[in-house]
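No lab work stands behind these numbers, since they all come straight from the coordinates. Everything quoted here is computed from the prediction, not taken from an experiment. Don't worry about glycine lacking a Cβ; one is built from the backbone with ideal geometry, like all the others, and counts go over all protein chains shown.
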Amino acid sequence: MNPNELNELRELVEFLKENKIGEFDLERGDLKVRLKFESATAGVDIAQLGRLLAAQGGAAPLTHAPAHTHTAAVEAEESGLQEVKSPIVGTFYEAGSPGASAYVKVGDQVEVGTVLCIVEAMKLMNEIESDVAGEIVKQIAVNGAPVEFGQPLYAIKPR
């Protein structure tokens, strides 16, 4: 790690602490960093995090908060649905490339390990797999929209 990268990492750690971000993954070339803080609470400034990543040559700036609301989570819990959540901050894509058909759609049966979507983070395409077998009941995330860590992407009715 060169001195510039080390300084960028220090700035990132300070930013994460100041904004009480509990967990963060960074992959850039051969460099992989996972940060996890014990006493994190809500209060992430998504736009500020996006600007910081863009300044470091990472993902494009995020300009608005995620679309997920508390009511969607409550609905899923009450109806026995299981949510597949984003493991990273990035941009949600329902297909592997523009114009391609979506990996899954409402009504599809999926198995554990079935690719559901892609979350692009820092120019890397991360395939998100189902962690439950069942039927896709709802797509919560919007194609092409930013998602945050832990944000529900799909609701699945387990078998």
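Here are some notes:
- Net +/- balance of residues flanking residue 10 in space, Cβ distance below 14 Å, scoring K and R +1, D and E -1: -4
- Residue 143-residue 23 FRET efficiency (beta carbon distance; Förster radius 25 Å; 0.05 resolution): 0.50
- The fewest-to-most ranking of 159, 28 by surrounding Cβ atoms within 10 Å reads 159, 28.
- As a proxy for reagent exposure, 33, 132 were ordered by neighbouring Cβ count within 10 angstrom, fewest first; the result is 33, 132.
- Divide the volume of the convex hull around the Cα atoms of the range 70-158 by the residue count and you get 81 Å³ per residue.
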